[in-house]
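Asker: Before we start, here is the structure in question, set down as structure tokens.
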């Protein structure tokens, strides 16, 4: 069923749908890809966007612009044109986004790479959860 993502708040997805973002120019990142697969819940939605879409969004929602890190905060959504240290991978993450419930999600391999680089306690916990998920699904 479209929008059926077990641990992702459906209201967040409706907020995202209401923005009417163009396909191929955005993907859900952060904890969203975990929540969409039922690995763990997400408190909000982090979305990476293309540079072209970022420019359009900043001009459409100037009051939503936030710093540290630079993002647009719109309701329960946070939109980013950069995601250090993964900035160089953003075009590939958008191109390789996996559709789940009618929405594009960054593939888990990029989420894992980012979490390995960050190395925070919550990242280490997420990596264990992702590995267990992939093991039970028979993936690498």
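Asker: Scanning for something touching a helix residue (DSSP H, G or I) at 6+ places or on another chain (Cβ under 7 Å), more than 24 Å from residue 118 (Cα to Cα), surrounded by 20 or more Cβ atoms within 10 Å (Cβ to Cβ) and at pLDDT below 95, does region 5-18 turn up at least one residue?
Answerer: yes
Asker: Taking the condition of being touching a helix residue (DSSP H, G or I) at 6+ places or on another chain (Cβ under 9 Å), in a helix (DSSP H, G or I) and surrounded by 13 or more Cβ atoms within 10 Å (Cβ to Cβ), how many residues in region 106-117 meet it? Outline the logic, then answer.
Answerer: Of region 106-117, the ones touching a helix residue (DSSP H, G or I) at 6+ places or on another chain (Cβ under 9 Å) are 106-108, 110-117.
Right, trim to in a helix (DSSP H, G or I) and you get 108, 110-117.
With the extra rule that they be surrounded by 13 or more Cβ atoms within 10 Å (Cβ to Cβ), the set shrinks to 108, 110-115.
Looking only at that region, the number is 7.
Asker: If the requirement is being more than 14 Å from residue 51 (Cβ to Cβ), out of contact with any helix residue (DSSP H, G or I) (no Cβ under 8 Å at 6 or more places or on another chain) and either part of a strand (DSSP E or B) or touching a residue at least 40 places away in the same chain (Cβ under 8 Å) (or both), which of these qualifies: 78, 132?
Answerer: Working: 132 fails: either part of a strand (DSSP E or B) or touching a residue at least 40 places away in the same chain (Cβ under 8 Å) (or both).
Selected residue: 78, the only one of 78, 132 that is more than 14 Å from residue 51 (Cβ to Cβ), out of contact with any helix residue (DSSP H, G or I) (no Cβ under 8 Å at 6 or more places or on another chain) and either part of a strand (DSSP E or B) or touching a residue at least 40 places away in the same chain (Cβ under 8 Å) (or both).
The values are calculated or read from the model by the stated rules, or taken from the named source; none is laboratory data. The shown structure was predicted, so the numbers you read here are calculated from the model rather than taken from an experiment. Using ideal geometry, Cβ is built from the backbone for each residue, glycine included, and neighbour counts are taken over all protein chains shown.
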